[in-house]
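To start, the structure under review is shown below, and the notes come after it.
The values are calculated or read from the model by the stated rules, or taken from the named source; none is laboratory data. The model shown is predicted, which means the values in this text are computed figures rather than measured ones. Cβ placement follows ideal geometry from the backbone for every residue including glycine, while neighbour counts extend to all protein chains displayed.
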Amino acid sequence: MNEAQLTDPADPHSLFQSWFAEAKASEPNDPEAMAVATVGADGQPSVRMVLLKGHDARGFVFYTNYESRKAIQLLETGRAALLFHWKSLRRQVRIEGPVSKVSPEEGDAYFATRHRDSQIGAWASDQSRPLDSRATFEARYAEMVRRFGDGPVPRPPHWSGFRVAPERIEFWQDRAHRLHERRLFTRSGDGWFEGLLYP
Ligand SMILES: Cc1cc2nc3c(=O)[nH]c(=O)nc-3n(C[C@H](O)[C@H](O)[C@H](O)COP(=O)(O)O)c2cc1C
């Protein structure tokens, strides 16, 4: 099946921006929340929520711990899938493509905008590693609070962003009687092919 046909040279990034703006206006919580799916070296898929912190023609950016389970899998395979589900709008957006680290400067710039408590949390959390008790985590957090005192909190070297560069973006809109609408954009050189999929 040729699922992508050139019907309308629309820009999926502009379409995403307009859907995202509508989601921000209508979703009661976390319109920027998206699931990020990864695959381990053993072929086992794994999925969890993150927050979209940047979007432009280069791709979709989120921040995390580079030693976390998701990061290990992203660095192994170099690929990810993202999923937004805006329940109030009855819409989903599916994104797939290669993933890369953001530049250190981009990571620093975003880290500097975070609340100080979150900055300290990034130092205190060994994300995805076993934790013997909540008290251990709280003690590590208190230790980092003492360590940084009143000074600035720099970005930990193991904490920064990933950018997913889309090769495929699908916009799904609920329609009556499950006759949903699916618009699929697939990357073609510097442009995009647009086609429809059966629901
Ligand atoms: C709404 C929501 C937003 C989240 N945002 C992030 C995020 O931006 N970055 C992050 O590392 N974890 C975020 N988390 C936590 C992750 O879902 C996950 O628990 C954590 O990153 C560890 O995942 P991993 O062990 O698969 O690497 C969020 C969780 C929820 C429910």
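Scan segment 96-123 for residues that are aliphatic (A, V, I, L, M) and buried (at least 17 other Cβ atoms within 10 Å of the Cβ) and jot them down.
Listed by number, the residues that qualify are V99, V102, I120, A122.
Might you let me know whether segment 55-63 holds any residue that is under 15 Å from the mean Cα position of the chain (by Cα) and within 23 Å of D174 (Cα to Cα)?
Looking for residues that are under 15 Å from the mean Cα position of the chain (by Cα) and within 23 Å of D174 (Cα to Cα), one finds none in segment 55-63, hence no.
Residue pairs, Cβ under 8 Å, 6 or more apart or interchain, first in segment 56-76 and under 20 Å from R114 (Cα atoms), second near the ligand (Cβ under 10 Å from one of its atoms) and assigned to a helix (DSSP H, G or I). List them.
From segment 56-76, the pairs are T64/K70; T64/A71; N65/A71; N65/A122.
Do you know which residues across segment 157-182 are of a type outside the set (A, V, I, L, M, F, W, C), touching a helix residue (DSSP H, G or I) at 6+ places or on another chain (Cβ under 8 Å) and either free of Cβ contacts under 8 Å to residues at least 40 places away in the same chain or over 30 Å from D117 (Cβ atoms) (or both)?
Matches in segment 157-182: P166 only.
So, in segment 4-17, how many residues would count as being hydrophobic (A, V, I, L, M, F, W, C) and modelled with pLDDT under 95?
The qualifying residues number 3.
Would you mind finding the one in E22, E32 that is of a type outside the set (S, T, N, Q), within 16 Å of the chain's Cα centre (by Cα) and over 26 Å from S188 (Cα atoms)?
Going through E22, E32 in turn, just one is of a type outside the set (S, T, N, Q), within 16 Å of the chain's Cα centre (by Cα) and over 26 Å from S188 (Cα atoms): E32.
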